[in-house]
Each structure stands twice: as structure tokens, then as C-alpha cells.
Amino acid sequence: MATPGHHLPLLLLVLATLAAAAFAVAPVPGPAALGGGGPLLGGWNPIPDVGDKHIQELGGWALGQAKYQKLAANALRFRRVVRGEEQVVSGMRYRLYVDAADRAGRSVTYVAVIYEQVWTNTRKLASFTLASRAH
């Protein structure tokens, strides 16, 4: 006659096999199943609130760096970031559309690409170019 504990190893083996089969068949949940709409890792995503204090500060910093690096006229004055995109890398990359005022007070829009890694206090201006009329 078999004891109740005698079948325990067989029962555990059957349960482990069933669990492994269930995980092998179950699809891996995609972004939609996990709430969807999240940022695409590595892709450019719109910045939901360009009025955010940090984003506006980055825009002003970018113009200051552009002047320092002679990428922009010294007479330009920062007005605001009007739109932007962000990209998750080993830190963040931002593409900001910076509205600046020229010497005559006219609006001129530039595209600033900035790399920032907060935990190492790294911030670099990758480019600062005049936005095309198509943007």
C-alpha cells in the first residue's frame, strides 16, 4: 500500500510541467496590455507639457550654450520652448523648438538637441539650428 507522501514527488513534477506549459503558451504582454500609450524606448515621443519648468530651463540653457559656441547670434533672447520631443537613451535626449527674439524683436524658432544624464550631472548641446518653415 502506498503512503500519501509517496505520490508527492510525482504530483510536484506534474504541477511543474503544467506551469511550464502554461507560461510557454501564454503570450508576452505588449505595451497595449500593460496600459499602452507609454513612451517607446529609443523612439522620439512628444513632451506632454513643454511648459514644465525643467523643459523651459533647458531651452534657455540651450540658447545660452549656442551663443557661447557661436551657433547663434549674441543678440538673441530666449522667449520659450514652444514644443518638443524626448528620447530615452542612457539618459534623455531632447529636441526642443525654442522661440527666441532677434535684435528687432521678431520671433525666430530654433531646434535644439540636448543630451542630459541627471545622475551624472551631464548636459550637452548636440545641435542648435534654425527651424525650417515646414515645422
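The values are calculated or read from the model by the stated rules, or taken from the named source; none is laboratory data. None of these values were measured; they are calculated from a predicted model. Here the Cβ positions follow ideal geometry from the backbone for every residue, glycine too, while neighbour counts run over all protein chains shown. Heavy atoms of the whole protein, side chains included, go into the accessibility calculation; ligands, DNA and RNA do not. Shrake-Rupley method; radii C 1.70, N 1.55, O 1.52, S 1.80 Å.
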Which of the lysines could a cross-linker bridge to Lys124, judged by Cα under 18 Å and excluding same-chain residues fewer than eight apart? Lys67, Lys70
Can you list the aspartates and glutamates whose alpha carbon sits under 16 Å from that of Lys53, skipping same-chain ones fewer than 8 residues off? Glu85, Glu86, Asp99, Glu116
For Glu85 and Arg123, what is the calculated FRET efficiency with R₀ set at 22 Å and r taken between the beta-carbons, to the nearest 0.05? 0.80
How much area per residue is accessible in region 45-130 when the probe is 1.4 Å and only protein heavy atoms are counted (Å²)? 57 Å²
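Would you mind calculating the gained length between Gln69 and Asp52 on full extension (0.36 nm times residue separation, minus the Cα-Cα distance), in nm to one decimal? All intermediate terms of the calculation are to be shown ahead of the outcome.
Values: separation 17, 0.36 × 17 = 6.12 nm, distance 2.58 nm.
Using 0.36 nm per residue and subtracting the Cα-Cα distance, I get 3.5 nm.
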